[in-house]
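The values are calculated or read from the model by the stated rules, or taken from the named source; none is laboratory data. A quick note: this is a predicted structure, and the numbers were derived from the prediction, not measured. Cβ placement follows ideal geometry from the backbone for every residue including glycine, while neighbour counts extend to all protein chains displayed.
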Amino acid sequence: MRDRDEAGRPRNARPRDEYGRPLPHGAQGVPRVPDDYAPDAEEALADAARLLADGRPFHAHEVLEARWKTGPGGERELWQGLAQICVGLTHLQRGNLSGAAALLSRGSARALAYGRSLPPGAPPYGLDLDGVAGAAGRIVRGIGTQETDAGTAIGEILGHLARRQGASGPRAAGRGPSDAP
(Lines give C-alpha, C1' and ligand atoms only; values in the text may rest on other atoms or scores of the structure.)
Protein backbone atom coordinates (compact mmCIF):
# COMPACT_ATOMS: atom_id res chain seq x y z
CA MET A 1 0.00 0.00 0.00
CA ARG A 2 1.29 3.45 -0.86
CA ASP A 3 2.17 5.99 1.83
CA ARG A 4 -0.38 8.80 2.15
CA ASP A 5 -0.66 12.00 4.18
CA GLU A 6 -3.59 12.96 6.43
CA ALA A 7 -5.55 14.26 3.40
CA GLY A 8 -5.04 11.00 1.50
CA ARG A 9 -2.49 12.39 -1.00
CA PRO A 10 0.32 10.00 -1.99
CA ARG A 11 3.67 10.69 -0.30
CA ASN A 12 7.19 9.40 -0.75
CA ALA A 13 7.89 8.06 2.74
CA ARG A 14 9.57 4.87 1.53
CA PRO A 15 13.38 5.08 1.49
CA ARG A 16 15.19 4.74 -1.84
CA ASP A 17 18.69 3.80 -2.92
CA GLU A 18 20.99 6.05 -4.96
CA TYR A 19 19.32 4.83 -8.18
CA GLY A 20 15.84 5.64 -6.89
CA ARG A 21 14.85 2.02 -6.29
CA PRO A 22 12.47 1.56 -3.34
CA LEU A 23 13.93 -0.02 -0.23
CA PRO A 24 12.00 -1.77 2.56
CA HIS A 25 10.41 0.50 5.16
CA GLY A 26 12.92 1.16 7.91
CA ALA A 27 15.95 0.66 5.65
CA GLN A 28 18.58 3.38 5.39
CA GLY A 29 18.21 5.20 2.08
CA VAL A 30 19.75 8.30 0.54
CA PRO A 31 18.35 11.79 1.28
CA ARG A 32 15.12 12.47 -0.63
CA VAL A 33 13.53 15.55 -2.12
CA PRO A 34 10.93 16.69 0.44
CA ASP A 35 7.28 16.29 -0.60
CA ASP A 36 6.68 20.00 0.00
CA TYR A 37 9.66 21.16 -2.09
CA ALA A 38 8.47 23.94 -4.41
CA PRO A 39 11.51 25.32 -6.25
CA ASP A 40 11.57 28.31 -8.52
CA ALA A 41 12.95 27.63 -12.00
CA GLU A 42 16.56 28.60 -11.27
CA GLU A 43 16.61 26.58 -8.06
CA ALA A 44 15.15 23.53 -9.83
CA LEU A 45 17.73 23.70 -12.61
CA ALA A 46 20.63 24.22 -10.19
CA ASP A 47 19.51 21.39 -7.90
CA ALA A 48 18.85 19.04 -10.83
CA ALA A 49 22.31 19.79 -12.25
CA ARG A 50 23.94 19.15 -8.86
CA LEU A 51 22.13 15.82 -8.51
CA LEU A 52 23.09 14.79 -12.05
CA ALA A 53 26.71 15.68 -11.27
CA ASP A 54 26.42 13.34 -8.26
CA GLY A 55 25.15 10.55 -10.57
CA ARG A 56 21.61 10.71 -9.17
CA PRO A 57 19.25 11.26 -12.13
CA PHE A 58 16.25 9.76 -10.29
CA HIS A 59 16.57 12.45 -7.64
CA ALA A 60 17.09 15.12 -10.33
CA HIS A 61 13.81 13.90 -11.82
CA GLU A 62 12.10 14.44 -8.45
CA VAL A 63 13.34 18.05 -8.38
CA LEU A 64 12.10 18.71 -11.92
CA GLU A 65 8.82 16.97 -11.13
CA ALA A 66 8.37 19.28 -8.13
CA ARG A 67 8.81 22.28 -10.45
CA TRP A 68 6.32 20.89 -12.97
CA LYS A 69 3.76 20.38 -10.22
CA THR A 70 4.27 23.77 -8.52
CA GLY A 71 5.35 26.02 -11.40
CA PRO A 72 3.26 27.86 -13.97
CA GLY A 73 0.91 25.60 -15.91
CA GLY A 74 2.19 26.99 -19.21
CA GLU A 75 5.64 25.54 -18.46
CA ARG A 76 4.42 22.03 -17.67
CA GLU A 77 5.75 20.53 -20.92
CA LEU A 78 9.24 21.89 -20.29
CA TRP A 79 9.56 20.52 -16.76
CA GLN A 80 7.82 17.27 -17.57
CA GLY A 81 10.13 16.74 -20.55
CA LEU A 82 13.27 17.42 -18.52
CA ALA A 83 12.02 15.12 -15.75
CA GLN A 84 11.36 12.35 -18.29
CA ILE A 85 14.89 12.72 -19.65
CA CYS A 86 16.19 12.17 -16.11
CA VAL A 87 13.96 9.10 -15.71
CA GLY A 88 15.41 7.82 -18.99
CA LEU A 89 18.89 8.24 -17.52
CA THR A 90 17.71 6.37 -14.41
CA HIS A 91 16.53 3.47 -16.58
CA LEU A 92 19.92 3.48 -18.31
CA GLN A 93 21.65 3.24 -14.90
CA ARG A 94 19.43 0.32 -13.97
CA GLY A 95 20.05 -1.50 -17.26
CA ASN A 96 16.51 -1.07 -18.62
CA LEU A 97 17.57 -0.07 -22.13
CA SER A 98 14.12 -0.05 -23.74
CA GLY A 99 12.74 2.09 -20.90
CA ALA A 100 15.71 4.43 -21.23
CA ALA A 101 15.17 4.87 -24.96
CA ALA A 102 11.43 5.46 -24.56
CA LEU A 103 11.75 8.06 -21.78
CA LEU A 104 14.72 9.88 -23.31
CA SER A 105 12.84 10.13 -26.62
CA ARG A 106 9.54 11.17 -25.06
CA GLY A 107 11.15 13.70 -22.73
CA SER A 108 13.33 15.34 -25.36
CA ALA A 109 10.37 15.61 -27.76
CA ARG A 110 8.26 17.25 -25.05
CA ALA A 111 10.96 19.75 -24.01
CA LEU A 112 11.81 20.55 -27.62
CA ALA A 113 8.14 21.14 -28.49
CA TYR A 114 7.88 23.54 -25.56
CA GLY A 115 10.95 25.44 -26.74
CA ARG A 116 9.62 25.69 -30.27
CA SER A 117 6.36 27.16 -28.98
CA LEU A 118 8.24 30.23 -27.72
CA PRO A 119 9.28 33.27 -29.77
CA PRO A 120 12.63 32.79 -31.56
CA GLY A 121 15.66 33.83 -29.54
CA ALA A 122 13.90 33.37 -26.20
CA PRO A 123 15.43 30.20 -24.70
CA PRO A 124 13.56 29.31 -21.51
CA TYR A 125 15.84 29.96 -18.55
CA GLY A 126 18.83 30.04 -20.89
CA LEU A 127 18.38 26.36 -21.80
CA ASP A 128 19.54 25.12 -25.19
CA LEU A 129 16.66 22.71 -25.71
CA ASP A 130 17.93 21.80 -29.19
CA GLY A 131 21.20 20.77 -27.54
CA VAL A 132 19.42 18.79 -24.82
CA ALA A 133 17.27 17.01 -27.44
CA GLY A 134 20.32 16.35 -29.62
CA ALA A 135 22.19 14.85 -26.67
CA ALA A 136 19.20 12.66 -25.76
CA GLY A 137 18.96 11.50 -29.39
CA ARG A 138 22.66 10.57 -29.46
CA ILE A 139 22.23 8.63 -26.23
CA VAL A 140 19.22 6.75 -27.62
CA ARG A 141 21.10 5.88 -30.83
CA GLY A 142 24.03 4.59 -28.76
CA ILE A 143 21.96 2.45 -26.38
CA GLY A 144 23.00 -1.17 -26.59
CA THR A 145 26.38 -0.33 -28.07
CA GLN A 146 29.73 0.20 -26.43
CA GLU A 147 29.27 3.94 -27.08
CA THR A 148 26.72 4.61 -24.35
CA ASP A 149 27.06 4.07 -20.63
CA ALA A 150 25.03 5.73 -17.91
CA GLY A 151 27.85 7.92 -16.58
CA THR A 152 28.70 9.32 -20.01
CA ALA A 153 25.01 9.86 -20.82
CA ILE A 154 24.39 11.69 -17.55
CA GLY A 155 27.44 13.86 -18.22
CA GLU A 156 26.20 14.75 -21.69
CA ILE A 157 22.78 15.89 -20.44
CA LEU A 158 24.40 17.66 -17.49
CA GLY A 159 26.67 19.53 -19.86
CA HIS A 160 23.66 21.08 -21.56
CA LEU A 161 21.91 21.97 -18.30
CA ALA A 162 25.07 23.46 -16.81
CA ARG A 163 25.90 25.59 -19.90
CA ARG A 164 22.81 27.73 -19.63
CA GLN A 165 23.04 31.21 -21.07
CA GLY A 166 21.89 34.09 -18.89
CA ALA A 167 21.33 31.91 -15.84
CA SER A 168 20.87 34.00 -12.76
CA GLY A 169 22.93 33.99 -9.60
CA PRO A 170 23.01 31.86 -6.49
CA ARG A 171 20.40 29.41 -5.43
CA ALA A 172 17.50 30.87 -3.51
CA ALA A 173 17.31 30.02 0.16
CA GLY A 174 14.78 27.44 1.23
CA ARG A 175 14.21 23.75 1.63
CA GLY A 176 15.79 22.08 -1.34
CA PRO A 177 17.10 18.59 -1.83
CA SER A 178 20.45 19.48 -0.30
CA ASP A 179 18.57 20.45 2.86
CA ALA A 180 16.76 17.11 3.07
CA PRO A 181 17.38 15.06 6.19
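What to note about this one:
- Taking region 126-148 as the range and being in contact with a helix residue (DSSP H, G or I) (Cβ under 8 Å, 6 or more places away or on another chain), acidic (Asp, Glu) and assigned to a loop (DSSP other than H, G, I, E, B) as the test, only ASP128 passes.
- Of the residues screened, PRO39 is one that is in a loop (DSSP other than H, G, I, E, B) and crowded, with 24+ Cβ neighbours inside 10 Å.
- Considering residues of region 99-123 that are in contact with a Gly (Cβ under 7 Å, 6 or more places away or on another chain) and closer than 14 Å to ALA83 by Cβ only, the residue surrounded by the most Cβ atoms within 10 Å (Cβ to Cβ): LEU104
- Pairs meeting the criteria (first residue in region 4-26 and more than 19 Å from PHE58 (Cα to Cα) and assigned to a loop (DSSP other than H, G, I, E, B), second residue modelled with pLDDT under 70 and of a type in the set (Lys, Arg), beta carbons under 7 Å, at least 6 apart or on different chains) are ASP5/ARG11.
- Any hit, region 78-90, residues being assigned to a helix (DSSP H, G or I), modelled with pLDDT under 95 and not small (Gly, Ala, Ser): no
Residues checked against (1) in contact (Cβ under 8 Å) with a residue 12 or more places away in the chain; (2) more than 13 Å from the chain's Cα centre (by Cα); (3) surrounded by fewer than 23 Cβ atoms within 10 Å (Cβ to Cβ):
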{"position": "LEU51", "(1), (2), (3)": "yes, no, no"}
{"position": "HIS59", "(1), (2), (3)": "yes, no, no"}
{"position": "LEU64", "(1), (2), (3)": "yes, no, no"}
{"position": "GLY73", "(1), (2), (3)": "no, yes, yes"}
{"position": "GLN80", "(1), (2), (3)": "yes, no, yes"}
